[in-house]
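Below is one structure, written out as structure tokens; comments come after it.
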Amino acid sequence: MICRKLEECINGELNSNSLEKCDNKNQANCIESSDRRSAVKCEENKKKYVLENTKKNHVILYKMDGGIIAEDKSVPLNTSKCDYLFVIGEAAPTAVLR
């Protein structure tokens with residue numbers, strides 16, 4: 001299953017006044033963190049990536065493989081996918097794939 005409501009989920013997370021909630025049934029597996037911490041970390045296969053958030057923007061860390069993209073019959077075999085997605089909330093949100 002590939003989540004088709006990611007844009008709505010991002011907007012709901014970044015807009016704290018928003019009543020929109022992500023209704024993806026795998027939501028608990030999608031969001032690793034969502035806050036304004038100064039360093040956002042992810043780790044996969046003994047490799048660590050740290051996003052330095054010196055401006056203290058709202059950063060959402062999504063798990064892609066096994067979260068937003070979960071293996072099932074709707075996902076083509078051998079689909080290439082990144083492990084994590086950082087969404088940095090600024091005037092115009094920025095996405096960083098890792």
- Long-range amide H partners of residue 32 with built H, under 5 Å: 61, 62, 63
- Query: What nm distance separates the two modelled labels at residue 41 and residue 97, each placed 7 Å from Cα along Cα→Cβ?
  - Reply: 2.6 nm
- Which listed pairs, of 41/81; 5/81; 46/81; 5/63; 46/73, have C-alpha distances above 24 Å, in listed order: 46/73
- In the stretch 36-98 the DSSP beta bridges are antiparallel at a rate, in percent to nearest 5, of 95 percent
- Task: May I ask you to derive the FRET efficiency for residue 7 and residue 72 from their Cβ-Cβ distance with R0 = 25 Å, giving the value to the nearest 0.05?
- Result: 0.70
- Task: With an 8 Å cut-off on Cα pairs and a minimum separation of 6 or more residues, tell me the relative contact order of the stretch 44-98 in percent.
- Result: 35 percent
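Quick note: the coordinates plus some simple rules give every number you see, no bench work behind them. Given the structure is predicted, the values throughout are model-derived calculations rather than measurements. With ideal geometry, Cβ positions are generated from the backbone for all residues, glycine too; neighbour counts draw on all protein chains shown.
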